[in-house]
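These notes concern the structure reproduced below.
Here, each number is a calculation from the coordinates, and none is a lab measurement. Small disclaimer: the values here were computed from a predicted structure and weren't measured.
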Amino acid sequence: MAAPRKSAQQVAARERARAKAQELTERHERLIDLAAEFFEQEQQAEQIRAEAQERADAILAKAEQDAEAAAKKAGAKVQQMLDTGESRAAVAARLGLSTAEMKRALDGAGASSADAGKAKDAGAASTIADTAAEVAEQVAAETKAA
């Protein structure tokens, strides 16, 4: 049999090169599409985390308001007990409170100085920040699991 002509070999080589280039181009385009989808999902995950953090912050703020209202009511009950003429020691014993806890309860009702209120607010802010961090971690874990 006769050997193929050089021009036929060149045409065949070019066809193989074109096929390989087409294969690489298709693979490259698929990788670009996958990368774009990856970045979209990353952005969506970040948005979900940010929205969850906002909701957690709102929940914690509402909880702190409710807790402060309950503490004021509890302090008012302590004050009412004192208003009956009972001694501080007797009221503290009846409620199972130390004198410091009793003072904090009365401070919560607004019966004490502004300095004690400022100290309480600083402690509450620290507690809220700690709780917010815990809730944020929990939300992040749940979001990651989903």
Fully extended contour minus Cα-Cα distance, from R5 to A61, at 0.36 nm per residue: 11.7 nm
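Give me the number: length gained by fully extending A35 to R16, i.e. 0.36 nm times residue separation minus the C-alpha to C-alpha distance, one decimal in nm.
Values: separation 19, 0.36 × 19 = 6.84 nm, distance 2.85 nm.
The span from A35 to R16 would gain 4.0 nm if fully extended.
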Inter-part distance where the stretch 42-63 and the stretch 74-91 are each reduced to a Cα centre, Å: 42 Å
Linear extension gain, T99 paired with A74, 0.36 nm per residue minus alpha-carbon span: 7.5 nm
